[in-house]
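Reading through the structure tokens given below for one structure.
A short reminder: the numbers here are calculations on the coordinates, not readings from a lab. Computed from a predicted structure; not experimentally measured. We place every Cβ from the backbone using ideal geometry, glycine too, and count neighbours over all the protein chains shown.
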Amino acid sequence: SRDQIHNFAAGPSPLPEPVLEKAAKGLLNYDGTGIGVCELSHRGKEFKAIIEGAEANLRKLLQVPDDYAVLFSQGGGTTQFSSVFLNLLAARRLKHADETNYAPPTVDYVVTGSWSSKAYQEAVRLSIPPAPGAQPFAEPRIAATTKPAKFTTLPKADEYDFSKDAAYVYYCENETINGVEFPGPDSQSPYAFPFDRVPDGVPIVADYSSSFLSRPIPQIERHAIIYAGAQKNLGPPGVTIVIVRKDLLVDTTEAMKLGGIPAVPIQSEFKTLADNKSLYNTPPVFSIYVSALVLEYLLAERGGIAGIAEVNRAKGDALYAALDEAEAKGKLRVVVQEKDARSLMNITFVIEGEGREKEFLDGAEARGFRQLKGHRSVGGIRASLYNAVTLESVKALAEYIKAF
Ligand code: PMP
């Protein structure tokens, strides 16, 4: 049964049990209507209340300023790799509407792991000119990268090289596969994201997929777009939250008519989604419903974002302490050595010794610890400590590591 298991999945990941119980009931009979939540019209008053409640609670938890729209989009984080590029290129084109010799802008990527690499590659792909030899749509650049260090650390402030007039700057706040995360609110660390070095007026985009709602977002008002897939801390896969500054909700059709930008599918246009209150087409109703329940639960039961952040800090500290102790004895190696660059959500390590990793995983399995295998691209072990993973589960894993 569920209570004999500690689930450390990287996503889709565990959800709070009271939420699942409520959702199971809603799936059969929503709020006494005799109709399940996935059988109700997404334009009816019931669903309207669900999605509006979710937006209000999300705004409250993360203190999203009024000049930002909160969108419920589809297609996962992967679709946002394309959508942020397309919308921000359109916004840029409209700003330069009078230019007959429109030059492709640079787009600056901070590449600190697998997911920011993928986002950068998508920008490269979408920049391919409409015909061989024609002007590309954009010039993607790498403003900083830790690839030579195999993505086991973060760049320091003076290692960033932003272009003066980029269409945007892009970074990934928490690299789910590699286990590096920017140090977070109030940090004086040399690894903090260097907002001050980004030239004034250049929009900043952040992929928050795997750290969304785990703690407050530093300098939210310094961002143009923040997006996050639901399937870590928010709800089931299917919905992706996009927080976008309202001046960037632009008419991409008008931009396309000016030329010099790729075609923007209507499903990717933030303005259309915003104008239609995220109901331009049929939304992922179940995912939004469960996310709404999670948001209610986080506010009512978990003490809001400050309470959540405190528990996540305690969980991370407990596990890293056990790992550092085992590393000092030569039993394992923590992948990210710099404490300030370590993720609190995805903790990666490698067991030393021939055959010992399998022994570790088999022993873990026997004790009810599940889904600890690292991503297939990097191997090793990964423990994901999202919001629904309890401090007790983490302490139990820490005890197992000490004994092992
Ligand atoms: N960004 C990050 C940080 C992720 O962790 C993931 C998925 N784990 C993605 C983007 C891609 O999201 P999706 O699978 O929803 O397309």
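Spin-label pair residue 135-residue 338: with each label point 7 Å from Cα along the Cα-Cβ axis, the two points sit 3.8 nm from one another. Oblate is the label for the chain, because a/c, from the alpha-carbon gyration tensor with a ≥ b ≥ c as root eigenvalues, is 1.5 or above and a/b does not exceed b/c. Among rounded, prolate and oblate, which fits the stretch 193-298 when a ≥ b ≥ c are the square roots of the eigenvalues of its C-alpha gyration tensor, a/c under 1.5 means rounded, and a/b larger than b/c means prolate? Judged from the Cα gyration tensor, the stretch 193-298 comes out oblate (a/c at least 1.5, b/c at or above a/b). Taking every C-alpha pair closer than 8 Å and separated by at least 6 residues, the mean separation divided by the residue count of the chain gives a relative contact order of 24 percent. The H on the amide N of residue 250, modeled in the peptide plane, is under 5 Å from the matching H of 271, each at least 5 residues off or on a different chain.
The residues 204, 50, when put in order of fewest to most other Cβ atoms within 10 Å, stand as 204, 50.
Once you've got the Cα coordinates, tell me which of 271/339; 232/402; 60/147; 60/373; 164/315 are over 32 Å apart. Exceeds cut-off: 271/339; 60/147; 60/373; 164/315. Taking amide H positions as modeled 1.01 Å from N, with prolines and chain starts lacking one, the residues under 5 Å from residue 332 and 5 or more places away or on another chain are 327, 352.
When 38, 172 are arranged by Cβ crowding within 10 Å, least crowded first, meaning fewest neighbours, the order is 38, 172. Less than 5 angstrom separates the built amide H of residue 210 from those of 174, all sequence-distant by 5 or more or on a different chain. For the pair the stretch 179-258 / the stretch 47-114, the C-alpha centres are spaced 8 Å from each other. Spin-label model, residue 258 to residue 362: label points 7 Å out along the Cα-to-beta-carbon direction sit 6.4 nm apart. Taking each DSSP H run with n ≥ 4 as -39500 (n - 2.57) and averaging over every residue of the chain yields -11500 deg cm²/dmol at 222 nm.
Sequence-ordered 3J(HN,Hα) estimates for the stretch 109-115 from the Karplus curve with 6.51, -1.76 and 1.60 and θ = phi - 60° stand at 10, 9, 10, 10, x, 4, 6 Hz, glycine and proline given as x.
Computed 3J(HN,Hα) for the stretch 374-390, one whole-Hz value per residue from the Karplus formula 6.51 cos²θ - 1.76 cosθ + 1.60 where θ = phi - 60°, is x, 4, 4, 7, 10, x, x, 10, 9, 10, 9, 10, 5, 3, 7, 7, 7, glycine and proline marked x.
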